[in-house]
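Structure first, commentary second.
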Amino acid sequence: MGQLSKLQRLHLSDNLLAIIPIERSQLSQLQSFDLSINQLTIIPKEVEQLSQLKYLYLNDKQLTSVSTDIGQLPEWLTINLEGNFLENISMKVKQRFKL
């Protein structure tokens, strides 16, 4: 993805992506990340380390579970998980995001 250190918004929706080749250091200023309508089955670990993130769109995917680690994202984060096949969400994540 090259040098994207000042990038604040990244919209990769509706691209049939199964993996996201990102590094936290490349997206250190990212505030809005739209991964909706793709083929991801898990939330990439790299997303969990984006400390400036305010909006995370993971709607209309094939997610079946949400990692407990996602609860470490900033408390001001707005996350959209609508339209997934979520079966397993930890209590920590439910409480953190008021699900």
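Laboratory data are not the source of any read-out in this text; all were calculated from the coordinates shown. Keep in mind the model is a prediction, meaning the values are calculated, not measured. Here Cβ is always computed from backbone atoms with ideal geometry, including for glycine, and neighbour counts include all displayed protein chains.
Listed values, structure above:
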read-out: Helical mean residue ellipticity (222 nm; -39500 (n - 2.57) per DSSP H run of 4+; nearest 500) of the chain; value: -1500 deg cm²/dmol
read-out: Gyration tensor (Cα) of segment 1-52, equivalent ellipsoid semi-axes in angstrom; value: 18, 11, 10
read-out: Once exposed loop chymotrypsin sites (Phe, Trp or Tyr not before Pro) are cut out (DSSP; at most 15 other Cβ, 10 Å), longest piece of the chain; value: 1-75
read-out: Per DSSP, loop GluC sites (Glu not before Pro) in segment 1-76 with at most 10 further Cβ within 10 Å; value: Glu75
read-out: With at most 10 neighbouring Cβ atoms within 10 Å, loop trypsin sites (Lys or Arg not before Pro) (DSSP) excluded, longest segment of the chain; value: 7-97
read-out: All lysines inside 25 Å of Lys94 as judged from Cα atoms, apart from same-chain residues fewer than 8 positions distant; value: Lys45, Lys54, Lys61
read-out: Calculated Rg and Dmax of the Cα atoms in Å (choose from [x] 13.5, 37; [y] 18.5, 67; [z] 12.7, 37), label; value: [z]
